[in-house]
Structures are given as structure tokens and as C-alpha cells.
Amino acid sequence: MPNLILVRHGQSQWNLENRFTGWVDIDLSQLGIEEAHEAGKKLKGYKFDKAYTSALVRAQKTLDIIIEEMGANHLPVEKDKALNERMYGDLQGLNKDETRKKFGDEQVKLWRRSYDVAPPNGESLEDTAKRVLPYYESKIKPDLEAGKNILVVAHGNSLRALVMFLENLTKDEIVNTEIPTGVPKQYVLDNELNILDSKYL
């Protein structure tokens, strides 16, 4: 029975500053570093065969800290932009509260949480899924089918796209699905990759 564990990166500096980050390569905040250490402590007893992460430093550094805490320095790691956060387009760098004042709460919630509404010049969750899911199918799924335990450290929306697929959530259900920073989510799978159990650690 393979294990798939998903971790959203620890708090970034722009998470702290309440700004849209997207593809801007922002580092972890001090709290984010602490969250990554905490995630690593929670995963200390787990044995992984491979880890996957994005091309962005906040996810990579979170994974590095987790690996350090686990003492798993020889763990193979694959980095790919397919797992990057969704591209927030014209909103990148803007303060979320100021953006709500300008465009209204409902519009900003649509941009942030809906499945198929994209921010100006950015990606919707649907767009993000169109790169995350083929990557999962071609890279991660074969590892799971081979019985390997896999760790994925990525971003709120790239993980939401994956969770939506894994848990067969509807467009309405994904709107209210939040992925907390630095908290591992475990999926215990059977040999057909059906979910036997899922929980935050």
C-alpha cells in the first residue's frame, strides 16, 4: 500500500505580507522555515522512495528542510515547473486586501478559489490542473503504482488541483478547499490507487 504525502510550502514572505505571489520566486518567512521544520519532524518515521517539488524556491527550501529533519539526505528529488503555483497574472505582487477594496470581495474570491475563472493575464485552477495532472499521470502515478512512497512539496493551488482529482471533488467543493502551509496530508492508497485513508498529520 503506497503512501502519497502532500505538503504545501511553509509561509512565504509574501504570504506574510498578504500579497499575491504566483510565479514570483519569493523565499520563506521565518515562520515558514519553522513550519517546514515542524513538517519534517512529523514525517520523521516515514520512508519515502522519491520526492517531487516545483521550480520555485519556497517549495524547494521547504523540501530541503523536511529532508534535513528526516535525515533522508539521499532521497531522490525531481523539480519541475509543472508543479508551480498558479500564475496570478496582473495580481502578482498586489496586496489582497487592497485588491478586494478595488474589485470587491466576490470578484477576488472568484479569482482565488473558483475552478474556471482566471485573474487578468493569469491562470485559473482549471489551467493549473492542465499542467499538474499530466505531470502526475506521467511521473508520480507510475511510482505509486510500483508501490513507492512519494512526497510532493508544492503550492496551494497546484496541490488543490491534485486534491480535486484525487478526491473527485466538484467545482463547488474545491471553492472551499484550503491547503494549510507546512502541514503534511497523507493518502494511504491500495494497489489500484484508491484512497483507503486520508488525513492531515
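The values are calculated or read from the model by the stated rules, or taken from the named source; none is laboratory data. In this text, all values refer to a predicted model and were calculated from it rather than measured experimentally. All Cβ positions, even for glycine, are placed from backbone atoms using ideal geometry, and neighbour counts span all protein chains on display.
Among the residues of the stretch 111-130, which ones are surrounded by fewer than 18 Cβ atoms within 10 Å (Cβ to Cβ) and assigned to a helix (DSSP H, G or I)? Step through it out loud before you land on a result.
At the first step, the residues of the stretch 111-130 found to be surrounded by fewer than 18 Cβ atoms within 10 Å (Cβ to Cβ) are 113-114, 116-117, 120-121, 126-127, 130.
Answer for the stretch 111-130, where residues must be surrounded by fewer than 18 Cβ atoms within 10 Å (Cβ to Cβ) and assigned to a helix (DSSP H, G or I): ARG113, GLU126, ASP127, LYS130.
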Inset, instruction - Please identify the pairs in which a residue from the stretch 87-106 that is hydrophobic (A, V, I, L, M, F, W, C) and surrounded by 15 or more Cβ atoms within 10 Å (Cβ to Cβ) has its Cβ atom under 6 Å from the Cβ atom of a residue that is in a helix (DSSP H, G or I) and modelled with pLDDT of 95 or more, counting only partners at least 6 apart or on another chain. - result: none
Inset, instruction - Filter the helices (runs of 4 or more DSSP H) completely within the stretch 17-105 down to those with at least 1 residues that are among the hydroxyl-bearing types (Ser, Thr, Tyr) and over 19 Å from LEU4 (Cβ atoms). - result: 96-103
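Kindly indicate the residue of the stretch 152-190 that is among the polar types (S, T, N, Q) and in contact with an Asp or Glu (Cβ under 8 Å, 6 or more places away or on another chain) and also nearest to ARG113 (Cα to Cα) among those meeting that condition.
Residues of the stretch 152-190 among the polar types (S, T, N, Q): 157-158, 168, 170, 176-177, 181, 186.
Now narrow it down to the ones that are in contact with an Asp or Glu (Cβ under 8 Å, 6 or more places away or on another chain): 157-158, 181, 186.
Values: ASN157: 9, SER158: 12, THR181: 16, GLN186: 23 Å.
Step by step, filter the stretch 152-190, then rank; the result is ASN157.
If we only count helices (runs of 4 or more DSSP H) wholly inside the stretch 138-201, which ones have 3 or more residues that are under 16 Å from the mean Cα position of the chain (by Cα)?
Values: elements: 141-145, 156-166, 171-175.
Of the helices (runs of 4 or more DSSP H) lying wholly inside the stretch 138-201, those with at least 3 residues that are under 16 Å from the mean Cα position of the chain (by Cα) span 156-166.
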Inset, instruction - Examine the stretch 42-62 for a residue that is out of contact with any Phe, Trp or Tyr (no Cβ under 7 Å at 6 or more places or on another chain), of a type in the set (A, V, I, L, M) and free of Cβ contacts under 8 Å to residues at least 40 places away in the same chain, and state whether such a residue exists. - result: yes
Legend entry - Restricting the stretch 131-151 to residues that are in contact with a helix residue (DSSP H, G or I) (Cβ under 8 Å, 6 or more places away or on another chain) and among the hydroxyl-bearing types (Ser, Thr, Tyr), the residue that is surrounded by the fewest Cβ atoms within 10 Å (Cβ to Cβ): TYR135
Legend entry - Breaking point among (1) surrounded by 15 or more Cβ atoms within 10 Å (Cβ to Cβ); (2) free of Cβ contacts under 8 Å to residues at least 60 places away in the same chain; (3) in contact with a helix residue (DSSP H, G or I) (Cβ under 8 Å, 6 or more places away or on another chain), for ALA154: (2)
Legend entry - Cβ pairs under 6 Å, 6+ apart, first in the stretch 166-194 and polar (S, T, N, Q), second part of a loop (DSSP other than H, G, I, E, B): THR181/GLY10; THR181/GLN11; GLN186/LEU201
Legend entry - Within the stretch 2-18, considering residues that are aliphatic (A, V, I, L, M) and touching a Gly at 6+ places or on another chain (Cβ under 9 Å), the one surrounded by the most Cβ atoms within 10 Å (Cβ to Cβ): VAL7
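Would you call VAL175 of a type in the set (A, V, I, L, M, F, W, C) and buried (at least 20 other Cβ atoms within 10 Å of the Cβ)? Reasoning before the result, please.
Numbers: of a type in the set (A, V, I, L, M, F, W, C): yes; buried (at least 20 other Cβ atoms within 10 Å of the Cβ): no.
Considered against the rule, which asks whether it is of a type in the set (A, V, I, L, M, F, W, C) and buried (at least 20 other Cβ atoms within 10 Å of the Cβ), VAL175 comes out as no.
Taking the stretch 56-75 as the search range and keeping residues that are of a type in the set (S, T, N, Q) and surrounded by fewer than 20 Cβ atoms within 10 Å (Cβ to Cβ), which one is modelled with the lowest pLDDT? Don't jump to the end; show me each part of the working.
Quick first cut of the stretch 56-75, residues of a type in the set (S, T, N, Q) only: 60, 62, 73.
The next check asks that each one be surrounded by fewer than 20 Cβ atoms within 10 Å (Cβ to Cβ); those that pass are 60, 73.
Working: GLN60: 98, ASN73: 94.
Among them, the one singled out is ASN73.
Please tell me if LYS130 is charged (D, E, K, R), within 16 Å of the chain's Cα centre (by Cα) and either at pLDDT below 95 or within 25 Å of PHE48 (Cβ to Cβ) (or both). Lay out the reasoning, then the answer.
Values: charged (D, E, K, R): yes; within 16 Å of the chain's Cα centre (by Cα): yes; either at pLDDT below 95 or within 25 Å of PHE48 (Cβ to Cβ) (or both): no.
Judged against the criteria, LYS130 is not a match.
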Inset, instruction - Identify, from the list GLY122, GLY104, GLY71, GLY93, the residue that is farther than 26 Å from GLN30 by Cα, among the small types (Gly, Ala, Ser) and more than 19 Å from the chain's Cα centre (by Cα). - result: GLY104
